[in-house]
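K.L.:
Please see the structure below; I have some questions.
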Amino acid sequence: MHRALLQSVADKGSRLREVRKDLLRQQPGQTQRWFQGPDGCDLFLWYDERKGLSQIQLTVERRVVEWTLAEGLRTGRLVAFNPLPPLNDQGKLEFDPRPDGDALELARVLLESARVDELTIMLVRKQLGLLRKSA
């Protein structure tokens, strides 16, 4: 993968900031966290009060890395999204037949530079299979 792309993704990761919880849609029994960065770079976490973490979705460079309790790990592409009219264009994801190594590498680089609390980052990296193996 091109070094400039990886550096750009690392920069976006360092600029992730948590969106205030009171601005998110709330559903009974569920909690959501959203970390927003530049250029469509986002990390979403959904928690179920009984099951704990139930879904992770990370978007960067029009790629998506997602984990759910039901589906496991998936990668894909963000085919359409226009943030100007968000109610009219909710985005469309097309998932890959199997997890894509390049998408996972982008996620790894982004998470390594993210300024998100360490416990959350470790949980996300674990669920996405991006924990580094110790030598």
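The values are calculated or read from the model by the stated rules, or taken from the named source; none is laboratory data. Everything numeric here is computed off the predicted structure, so don't read it as measured data. No Cβ is skipped: glycine too gets one built from the backbone with ideal geometry, and neighbour counts run over all protein chains shown. These accessible areas exclude ligands, DNA and RNA; they are computed on the full protein's heavy atoms, side chains included. Shrake-Rupley method; radii C 1.70, N 1.55, O 1.52, S 1.80 Å.
K.L.:
For the stretch 1-70, how big is Rg over Rh, using alpha carbon atoms and the Kirkwood form of Rh?
P.N.:
Details: Rg = 13.8 Å, Rh = 13.2 Å.
With Rh from the inverse mean 1/r over Cα pairs, Rg/Rh is 1.04.
K.L.:
Along the stretch 104-115, what does the Karplus equation 6.51 cos²θ - 1.76 cosθ + 1.60 (θ = phi - 60°) give for ³J(HN,Hα), rounded to whole Hz, x for Gly and Pro?
P.N.:
With coefficients 6.51, -1.76 and 1.60, one gets 5, 5, 4, 5, 4, 4, 4, 5, 5, 9, 5, 9 Hz.
K.L.:
Roughly how many percent of the accessible protein surface of the chain is carbon and sulfur, given a 1.4 Å probe and a whole-percent answer?
P.N.:
Working: 4300 of 8590 Å².
C and S atoms contribute 50 percent here.
K.L.:
So, one more: Where only protein heavy atoms count, and the probe is 1.4 Å, what is the accessible area per residue for the chain in Å²?
P.N.:
Values: 8590 Å² over 135 residues.
So the chain comes to 64 Å² accessible per residue, rounded to a whole number.
K.L.:
Hey, another quick one. Could you give me D for the chain, from Stokes-Einstein at 20 °C and 1.002 mPa s, where the hydrodynamic radius is the Kirkwood radius over C-alpha pairs? Units µm² s⁻¹, please. All intermediate terms of the calculation are to be shown ahead of the outcome.
P.N.:
On the way: Rh = 15.4 Å.
In µm²/s, the coefficient rounds to 139.
K.L.:
What 222 nm value per residue comes from the helices of the chain, counting each DSSP H run with n ≥ 4 as -39,500 (n - 2.57) and dividing by all residues, nearest 500 deg cm²/dmol?
P.N.:
Details: 3 runs with 35 residues, N = 135.
Computed ellipticity for the chain at 222 nm equals -8000 deg cm²/dmol.
K.L.:
Applying the Karplus parametrisation 6.51 cos²θ - 1.76 cosθ + 1.60 with θ = phi - 60° to the phi angles of the stretch 21-27, what ³J(HN,Hα) value in whole Hz is obtained for each residue in order, glycine and proline being reported as x?
P.N.:
Karplus values, whole Hz, x for Gly and Pro: 4, 5, 8, 8, 5, 10, 10.
K.L.:
List every residue whose amide H lies under 5 Å from the amide H of VAL64, counting only residues 5 or more places away in sequence or on a different chain, with H placed 1.01 Å from N in the peptide plane.
P.N.:
For VAL64, the qualifying residues are GLY76, ARG77, LEU78.
K.L.:
To the nearest 20 debye, what is the magnitude of the charge dipole of the chain about its Cα centre, counting +1 on the Cβ of each Lys and Arg and -1 on the Cβ of each Asp and Glu? Walk me through the numbers on the way to the answer.
P.N.:
Details: 22 positive and 19 negative charges, 49 e Å.
Value, rounded to 20: 240 debye.
K.L.:
HN-Hα J couplings of the stretch 34-45 from phi, Karplus 6.51/-1.76/1.60, θ = phi - 60°, integer Hz, Gly and Pro as x?
P.N.:
Values per residue, Gly and Pro as x: 9, 10, 10, x, x, 6, x, 8, 9, 10, 10, 10 Hz.
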